[in-house]
1. Do any helices (runs of 4 or more DSSP H) entirely within segment 193-251 hold 2 or more residues that are among the hydroxyl-bearing types (Ser, Thr, Tyr), and if so, which?
2. Within segment 99-132, work out how many residues are part of a helix (DSSP H, G or I) and more than 16 Å from Leu142 (Cα to Cα).
3. Are there strands (runs of 3 or more DSSP E) fully within segment 1-98 with at least 2 residues that are within 15 Å of the ligand (Cβ to nearest atom)? List them.
4. Counting only residues that are within 10 Å of the ligand (Cβ to nearest atom) and at pLDDT 95 or above, which one in segment 114-132 is nearest to Ala57 (Cα to Cα)?
5. Taking segment 243-278 only, how many residues are at pLDDT 95 or above and touching a strand residue (DSSP E or B) at 6+ places or on another chain (Cβ under 8 Å)?
6. If we scan segment 223-245, do we find a residue that is polar (S, T, N, Q), within 30 Å of Ile30 (Cα to Cα) and not assigned by TED's automatic domain parsing to the domain that holds Thr136?
7. Let me confirm something: among Gly298, Gly219, Gly282, Gly235, which residue is under 29 Å from Val33 (Cα atoms), loosely packed, with under 14 Cβ neighbours inside 10 Å and more than 16 Å from the ligand (Cβ to nearest atom)?
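The values are calculated or read from the model by the stated rules, or taken from the named source; none is laboratory data. The shown structure was predicted, so the numbers you read here are calculated from the model rather than taken from an experiment. All Cβ positions, glycine included, derive from the backbone under ideal geometry; neighbour counts span all protein chains shown.
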Amino acid sequence: VEPDPAGAAEPVGRDRVVAVVGTGTMGQGIAQVALVAGHPVRLYDSAPGRAGEAVAALTARLDRLVEKGRLDAGAREAAVGRLHAAGELAELADAALVIEAIVEDLTVKRRLFADLEEVVAGDAVLATNTSSLSVTAIAGGLRLPGRFVGLHFFNPAPLLPLVEVVSGFATDPDVATRAYETVKGWGKTPVRCADTPGFIVNRVARPFYAEALRVYEEGGADPATIDAALRESGGFRMGPFELTDLIGQDVNEAVTRSVWDSFHQDPKFTPSLAQRRLVESGRLGRKTGHGWFPYAEGAERPEP
Ligand code: NAI
């Protein structure tokens, strides 16, 4: 199907299917946003049963919104009726927009998009939620790379307004505008940017983490003190140590490593040895109950 030039920069209509591939933390959040905005939403995950679990988790989240009075019961019913788990990629054939939120691995993402291109219509927009890979590289294997764009949501996607709309080397400007207008219509605050390593936020945030880790490694101050200083004086909602415990030390380190590699190992982005040790020891942050700080029930947090 040839792209329709007339509708090129219009937002994706609310009656059109949005597919989300990869239904972990980010995929579920993004699916919730598209669903509440009014789209029929289809979820696909390669792990057996995972898309069905995501439907159940999303339904429970909508129930909580109803309990809190932030969604009315009728809207909840309608939303649940528009949400479906797909057993196979082929069931995403009528999607107008596919947002990928699978594992952060270039080869795996490229394979997925090659498969998707066999399934969806020629004018479907294909988007990646990658944090740190090159949008251009992911699109490299596509037959129609012009319809490919980065849509980088932040965690938790239903709460955080920012979405970076990333144009790769081959992204058609109309497609980027279409993606921009679509997420804006979902109540998000999109910003457009080019495909530079780490885009805007993950790039600018690197020195925030890196310098804090260096102060700690030089014996300047401990994590709780550094966090307290930035929280109390810098206007930051969280300090760098508690924030990376929330993000996951492994995820945060992988982004640093990716930006460092992309800039030909520029020393200013050098990953931290202390963080490496934390990752090696399995202290990944809140998700494992321990990172820079303990999170087990009743655990004492150090006072700064
Ligand atoms: P996750 O690990 O929670 O979920 C990934 C899901 O993808 C899993 O359910 C897995 O079974 C599925 N999956 C893996 N390979 C697949 C394939 N080939 N086909 C279909 N499904 C597949 O990961 P998370 O944290 O949701 O991250 C997903 C993407 O979003 C990554 O690219 C990550 O860099 C990006 N991202 C993550 C953020 C975060 O704070 N966690 C923030 C912004 C972006």
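1. In segment 193-251, the matching helices (runs of 4 or more DSSP H) lie at 206-217, 223-233.
2. 0
3. 17-21, 41-44
4. The qualifying residue nearest to Ala57 (Cα to Cα) is Asn129.
5. Residues in segment 243-278 being at pLDDT 95 or above and touching a strand residue (DSSP E or B) at 6+ places or on another chain (Cβ under 8 Å): 3 in total.
6. Yes, there is a match, as at least one residue in segment 223-245 is polar (S, T, N, Q), within 30 Å of Ile30 (Cα to Cα) and not assigned by TED's automatic domain parsing to the domain that holds Thr136.
7. Numbers: Gly298 fails: under 29 Å from Val33 (Cα atoms); Gly219 fails: under 29 Å from Val33 (Cα atoms); Gly282 fails: under 29 Å from Val33 (Cα atoms).
Gly235 is the lone residue from the list that is under 29 Å from Val33 (Cα atoms), loosely packed, with under 14 Cβ neighbours inside 10 Å and more than 16 Å from the ligand (Cβ to nearest atom).
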